[in-house]
């Protein structure tokens, strides 16, 4: 997937999948309403909170990372998108991460995740109160999972 930009409408199809799946599963809004899909996608990409998604593969890879996520994980779009999402956790925390993803898969979403993640340079940060949800298109097809959080502290 190409990095969101004006010439590709900020990947509005994927952004709307993130936004619509979040709304359907949680009953809440990820963003305030926008006038157009492109505006919503632009605002999501530039949001002051983290938004990430990965696909539904057995070893999922990131399919989206807004600018806040890119800064926090210290990776540009070209390096984070396509990377196995398990690398966002330290090796010892990967089993915990897998249990989290299984819990989300069975319940649709959770909004109480807290845990330590790691940037590409090894910087550790504690995430608090993250929402993780299944990505489901309008036809009910699974497209992976997404996460969003606004509360983190470097540890």
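Each reported figure results from applying straightforward, stated rules to the coordinates on display, with no laboratory input. Bear in mind that the values here come from a model prediction, so they are computed numbers and not experimental data. Here the Cβ is made from the backbone with ideal geometry for all residues, glycine too, and neighbour counts use every protein chain on show.
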remark   = When the chain is treated as a Gaussian network with springs between alpha carbons less than 10 Å apart, the largest mean-square fluctuation among 55, 112, 137 is found at 112
remark   = Semi-axes a, b, c in Å (a largest) for the stretch 48-95, each sqrt of 5 times a Cα gyration tensor eigenvalue, come to 17, 13, 9
query = Which value at 222 nm does the chain reach when only helices count, each DSSP H run of 4 or more adding -39,500 (n - 2.57), with the total divided by all residues and rounded to the nearest 500 deg cm²/dmol?
reply = -9000 deg cm²/dmol
ask   = If you look at just the Cα atoms of the stretch 78-152, how large are its Rg and its Dmax in Å?
value = 12.9, 39
message = Only counting other Cβ atoms within 10 Å, I'd like 45, 87 sorted with the fewest neighbours first.
response = 87, 45
Highest-fluctuation residue, 54, 107, 46 considered, GNM on the chain with Cα pairs under 10 Å = 107
key: Simple label model, 7 Å out from Cα along Cβ direction - residue 33 to residue 124, nm   = 4.5
note = On each of the three principal axes the extent of the alpha-carbon atoms of the stretch 92-136, given in whole Å and largest first, is 32, 19, 17
query = Could you give the length gained on full extension between residue 98 and residue 49, defined as 0.36 nm per residue of separation minus the Cα-Cα distance, in nm?
reply = 15.3 nm
task = With an 8 Å cut-off on Cα pairs and a minimum separation of 6 or more residues, tell me the relative contact order of the stretch 44-155 in percent.
result = 26
note = Rg/Rh of the chain (Cα atoms, Kirkwood Rh), to two decimals, equals 0.93
